[in-house]
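Q: I'd like to ask you about the structure that follows.
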Amino acid sequence: MRAGFPEFRLGKVLATSFTGTLSERHGASVERIPTPHRLVDWLAVNGLAVDSCTTSQLDLARELRESIHAAATAAAIQDALPASAVHVINDRSVQGRAAAILTPEGERRWQLSSASCVEDALSVIATDAISIIAGERDGKLALCASPTCQAAFFDTSQSRTRRWCDMNTCGNRQKKARFIANQRKNPRSTE
């Protein structure tokens, strides 16, 4: 990991983890892939190691990220998917040369082409987004209840009632704010 950058917020769903590389979208936003090298780092952490990344490939990645966010948000609120977002997701999906492989442990991993280019990795992310937006996986898309975040996330909890994209950040921040507000309303005397 490169020092001086915000930590990645990693989740179990590749596509929504990717949209989390821009967090606090409705507050003081935090860009977690500000440079091409940082995108290389994120892809490596997520099993999609590439050799290098150019500024134009970073732009393609950010365009895909925002398209996935727009489509996932629309799906979460049961709205029509934005045509431009669908177009970008589909374009990125077909541009790569990645293959699903089965590991000896019985897990699916992605193998990128021998050139290991960013477009191959973006294809995997777009394919993952298609599977969750199309409802092919067990779970549901939801939006984070934090008013400054509102990130789209894939809820796989048994009850499908998860409220936060990440309990360690948004959930704790909201619970702390609620606790402080309650303390102000009902101050206890210190004895």
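Q: Given R₀ = 30 Å, what would the calculated FRET efficiency be for residue 160 paired with residue 80, taking r from the Cβ atoms and rounding to 0.05?
A: Numbers: r = 22 Å, r/R0 = 0.74.
Computed FRET efficiency for residue 160 and residue 80: 0.85.
Q: Over the residues of the range 14-55, compute the C-alpha Rg and express it relative to 2.2 N^0.38 Å.
A: 1.21
Q: So what is the diffusion coefficient of the chain in µm² per second by Stokes-Einstein at 20 °C and 1.002 mPa s, using a Kirkwood Rh over Cα pairs? Please report the intermediate quantities before stating the final value.
A: Values: Rh = 17.8 Å.
Result for D is 120 µm²/s.
Q: Taking all protein chains as present, what is the carbon and sulfur share of the accessible area of the chain, in % to the nearest whole number, probe 1.4 Å? Please list the in-between numbers first.
A: Values: 5420 of 10720 Å².
Answer for the chain: carbon and sulfur cover 51 percent of the accessible area.
Q: Which values, in whole Å and largest first, are the semi-axes of the equivalent ellipsoid of the range 86-128 obtained as the square root of 5 times each eigenvalue of the Cα gyration tensor?
A: Working: eigenvalues 85, 30, 6 Å².
The three semi-axes for the range 86-128 are 21, 12, 6 Å.
Q: Enter the accessible area per residue of the chain (Å², integer; probe 1.4 Å; all protein chains in place). Before the final figure, lay out each step's value.
A: Details: 10720 Å² over 191 residues.
Value returned for the chain: 56 Å² of accessible area per residue.
Q: How about residue 185: which lysines have a C-alpha closer than 22 Å to its C-alpha, ignoring those fewer than 8 places off in the same chain?
A: Reachable lysines: 175, 176.
Q: Using the alpha-carbon atoms, what tilt in degrees (0 to 90, nearest 10) does helix 36-45 show relative to the longest principal axis of the chain?
A: Approximately 80 degrees, to the nearest ten.
Q: Looking only at Cβ-Cβ distances, which cysteines of the chain have no other cysteine closer than 4.7 Å?
A: Cysteines lacking a close Cβ partner in the chain: 53, 117, 170.
Q: Helix-only estimate, please: 222 nm mean residue ellipticity of the chain, summing -39500 (n - 2.57) across DSSP H runs of length 4 or more and dividing by its residues, to the nearest 500.
A: -13500 deg cm²/dmol
Q: Under 37 °C and 0.692 mPa s, how fast does the range 82-185 diffuse according to Stokes-Einstein, given a Kirkwood radius computed over C-alpha pairs? Answer in µm²/s, whole number. Write down the numbers at each step before the final one.
A: Numbers: Rh = 16.5 Å.
This corresponds to a translational diffusion coefficient of 199 µm²/s.
Q: Using the Cα atoms as the points, what is the convex hull volume per residue of the range 111-166 in Å³? Don't skip to the end; give the middle numbers.
A: Details: hull volume 5.8 nm³, N = 56.
That works out to 104 Å³ per residue.
Q: For the range 29-96, divide the Cα radius of gyration by the Kirkwood radius and give the resulting Rg/Rh value with two decimals. Don't jump to the answer; show the numbers that get you there.
A: Values: Rg = 13.2 Å, Rh = 13.0 Å.
Rg/Rh: 1.01.
The values are calculated or read from the model by the stated rules, or taken from the named source; none is laboratory data. Remember, predicted model here, so these are calculated numbers, not experimental data. Please note: Cβ atoms are built from the backbone with ideal geometry, for glycine as well, and neighbour counts cover all protein chains shown. Note: areas computed on protein heavy atoms with side chains; ligands, DNA, RNA excluded. Shrake-Rupley method; radii C 1.70, N 1.55, O 1.52, S 1.80 Å.
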